[in-house]
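Everything on this sheet refers to the single structure shown next.
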Amino acid sequence: MALTKPQQLNELLQRAIDSYHAGHQPEAIDLLARASKQFPKSARLWGYLGFLYAESGAGPNAVKAFRKAAQISPHSEQASLGLFHSLWQLGRADDAFNEMRRFMKANDSPNYLELLRDMLSDKGRRTSHAASLTVEEVHEVEAISASVGKPGFEPIDLDESADRLRELTHA
Amino acid sequence: MRRISVAPQAISRLKQLPPSEREEAVQAIDRLLHQREVDVSMVSTKSAPNMHVMHTANLKIPFRVVEDRLIVLSVFRQ
């Protein structure tokens, strides 16, 4: 039986994700770039493409892809944050803050608020480390991140110091 | 002071580190807890759009902010 359009899109995205996780980043980008002609109005597809471009250091392409995602889905925080970060990485701070303003005008955004709090704090310092995690590390962290708050995820809560962590991990 | 939780996977990773790096990680997390100066970059991933990575001399410590809590997800060597 022929796949419906949404099924075709899901299948393509899954293939790209699998390819990326297998370490074949250029193939994943190529697959999504070609698919973007078939599904030009899919914010998800543009978002994934933006992420892959950003991961591969293709900043200007990441900006274009995330901008498409944000235009198609203006209330998507993920698309907006992707655009913000890729503009920021290119040193386009004014454009990045314009995107932040656009998004926050119409949406609640705890992630942007946290970002602003840290930026305004003189106790924090942010630097740019493009692609600071390897593909395998991203994969692992995403899996952990997805389990947060679900049954079986039992984190250690630190109160006033990391002493508890020291006790738990020192042999 | 921040509220910080450490994922069980991060605990396992910490236990595998040599003592000096384990202590380096604990001290870095303590700095994060007390909002002292740390070297942090942001990394957007498909399921964690606002993930941060703290960098120390030898380690990368990814974490996420979930509501009012910061969750340390893992610990990797640089």
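The values are calculated or read from the model by the stated rules, or taken from the named source; none is laboratory data. Values in this document were obtained by computation on a predicted structure and should not be read as measured data. A quick note on method: Cβ atoms are made from the backbone with ideal geometry, for glycine too, and the neighbour counts reach across all protein chains shown.
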*Quick one: B:HIS52 ticks every box in (1) modelled with pLDDT under 90; (2) within 23 Å of A:LEU168 (Cα to Cα) bar one, so which box is it?*
(2)
*Provide a single number: the residues in segment A:94-109 that are among the hydrophobic types (A, V, I, L, M, F, W, C) and either touching a Leu at 6+ places or on another chain (Cβ under 7 Å) or not in a helix (DSSP H, G or I) (or both).*
1
*Considering each residue of segment A:94-115, count those that are under 23 Å from A:TYR53 (Cβ atoms), surrounded by 13 or more Cβ atoms within 10 Å (Cβ to Cβ) and acidic (Asp, Glu), and give that number.*
2
*When segment A:15-68 is examined, which residues are found to be among the polar types (S, T, N, Q) and modelled with pLDDT of 90 or more?*
A:SER36, A:GLN38, A:SER42, A:ASN61
*Looking only at segment A:65-93, count how many residues are assigned to a helix (DSSP H, G or I) and crowded, with 17+ Cβ neighbours inside 10 Å.*
20
*What number of residues within segment A:12-46 satisfy the criterion of being in contact (Cβ under 8 Å) with a residue 24 or more places away in the chain, of a type outside the set (Ser, Thr, Tyr) and either farther than 21 Å from A:ILE72 by Cβ or surrounded by 15 or more Cβ atoms within 10 Å (Cβ to Cβ) (or both)?*
16
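Each row is one residue, and each column tells you yes or no for (1) within 17 Å of A:ALA62 (Cα to Cα); (2) modelled with pLDDT of 85 or more; (3) in contact with a helix residue (DSSP H, G or I) (Cβ under 7 Å, 6 or more places away or on another chain); (4) among the β-branched types (Val, Ile, Thr).
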| position | (1), (2), (3), (4) |
| --- | --- |
| A:LEU90 | yes, no, yes, no |
| A:ARG102 | no, yes, no, no |
| A:ALA130 | yes, no, yes, no |
| A:GLY149 | no, no, no, no |
| A:LEU158 | no, yes, yes, no |
| A:ARG164 | no, yes, no, no |
| A:ALA171 | no, no, no, no |
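Here is a yes/no grid of residues against (1) modelled with pLDDT of 90 or more; (2) facing chain A (nearest Cβ under 7 Å):
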residue: B:GLN9; (1), (2): yes, yes
residue: B:LEU14; (1), (2): yes, yes
residue: B:ARG22; (1), (2): yes, yes
residue: B:ILE29; (1), (2): yes, yes
residue: B:LEU32; (1), (2): no, no
residue: B:ASN58; (1), (2): yes, no
residue: B:ARG69; (1), (2): no, no
residue: B:VAL75; (1), (2): yes, no
